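So the structure is just underneath, and the comments pick up after that.
The values are calculated or read from the model by the stated rules, or taken from the named source; none is laboratory data. Quick caveat, the model's predicted, so the values are computed rather than measured. Cβ placement follows ideal geometry from the backbone for every residue including glycine, while neighbour counts extend to all protein chains displayed. For the accessible areas, the whole protein counts, side chains as well, though only heavy atoms, and no ligand, DNA or RNA atoms are used. Shrake-Rupley method; radii C 1.70, N 1.55, O 1.52, S 1.80 Å.
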Amino acid sequence: MIDIANDISSTIGRRIRSERALRDWSLAELADRSDVSKAMLSTIERGKTSPTAALLVRIAAAFGMTLSTLIARAELQGGGLLREGDQPIWRDPGTGYVRRHLSPVCDMPLELVRVQLPAGAKVSFPAASYAFIKQQMWLISGRLEFTEGDVVHSLGPGDCLALGAPSDCTFHAVGPGAADYLVALVRG
C-alpha cells in the first residue's frame with residue numbers, strides 16, 4: 001500500500017469538534033463518554049497532535065460510529081465513486097499502522113477498509129468499539145494473530161475471519177513482513 005501525502009490530523013480534529021457540537025456535548029461530556037482526557041481532546045480538536053488509533057476508536061465509539069466512519073466524515077465528499085487517489089489514508093503515529101478508507105460516502109451500511117500493520121506491531125481496541133458493527137477480515141499478505149477476547153486466531157494469506165460478539169481485541173503482525181488485510185464492516 002502506497003502512503004500518499006495525506007495528513008488528515010487537523011481535519012480529523014475539526015470533525016471531532018463538529019460531531020461534538022452536533023450533539024451539543026461539552027468537552028467534559030465527550031471526555032466522560034470516550035475515556036479520553038479533556039486536555040487530549042482539546043489538543044486533538046485543535047490539530048496540535050496526531051492521535052493514535054486507540055484514542056480515535058474510543059472517540060468514534062462515543063459518537064456511535066466506527067473509526068473509518070469518523071475518518072471518512074473528516075475527509076470525504078458524497079458520491080458513488082471514490083478514486084484511489086482520493087481515499088483517505090491515516091497513519092497511527094504510535095505503531096505505523098496504515099488505514100485506507102476504500103468506501104465512498106453513501107447510505108449503505110457497508111464500509112471497506114484496507115489496513116497495513118508493520119511487522120511486529122500490535123494494535124488493541126476495546127469491545128466498545130465493536131458494539132454497533134459486525135466485521136470480517138481477509139488477510140491479503142503477511143501473517144496476523146488476531147486476539148478476540150481469550151481466543152487467538154492465526155491467519156495466513158487468503159484466510160477470512162468473521163468476528164464474533166464484541167470483545168477486546170488485538171491485531172498483531174507477527175512478521176517477518178507487514179500484515180496487509182481488508183476489513184468489511186457492517187453497521188447496524
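Modelled spin-label separation between Thr147 and Asp35, with each label point placed 7 Å from Cα along the Cα-to-Cβ direction: 1.6 nm.
Where [x] 0.99; [y] 1.04; [z] 1.19 are the candidate values, the label of the one calculated here for Cα Rg over 2.2 N^0.38 Å is [x]. Figure note: Trp25, Trp138 ranked by solvent-accessible area, largest first, 1.4 Å probe, ligands and nucleic acids not counted: Trp138, Trp25. Over the stretch 24-103, the reciprocal of the mean inverse Cα-Cα separation, the Kirkwood hydrodynamic radius, stands at 13.5 Å.
Annotation for Gln135 and Arg23: the two label points, set 7 Å from Cα along the Cα-Cβ direction, are 1.9 nm apart.
Exposure check, 1.4 Å probe, all protein chains in place: Thr49 carries approximately 40 Å² of accessible surface.
What does the charge add up to near Val113, with Lys and Arg as +1, Asp and Glu as -1, over the other residues with Cβ less than 11 Å from its Cβ?
+2
Length gained on full extension, Met108 to Ala162, computed as 0.36 nm times the residue gap minus the Cα-Cα distance: 17.5 nm. Once you have a ≥ b ≥ c as the square roots of the Cα gyration tensor eigenvalues for the stretch 101-188, tell me rounded if a/c is under 1.5, and otherwise prolate or oblate according to whether a/b is larger than b/c. It is oblate, given that a/c is not under 1.5 and a/b is not larger than b/c. Under 5 Å from the amide H of Ser103 lie the amide H atoms of Leu112, each residue being 5 or more positions distant or on a separate chain, with H modelled from the backbone and absent for Pro and chain starts. Along each principal axis, taking the top coordinate minus the bottom one, the Cα set of the stretch 95-151 gives 36, 24, 19 Å in descending order.
Taking the solvent-accessible surface of protein heavy atoms with a 1.4 Å probe, what is the per residue accessible area of the stretch 58-188 in Å²?
Values: 5990 Å² over 131 residues.
I get 46 Å² per residue for the stretch 58-188.
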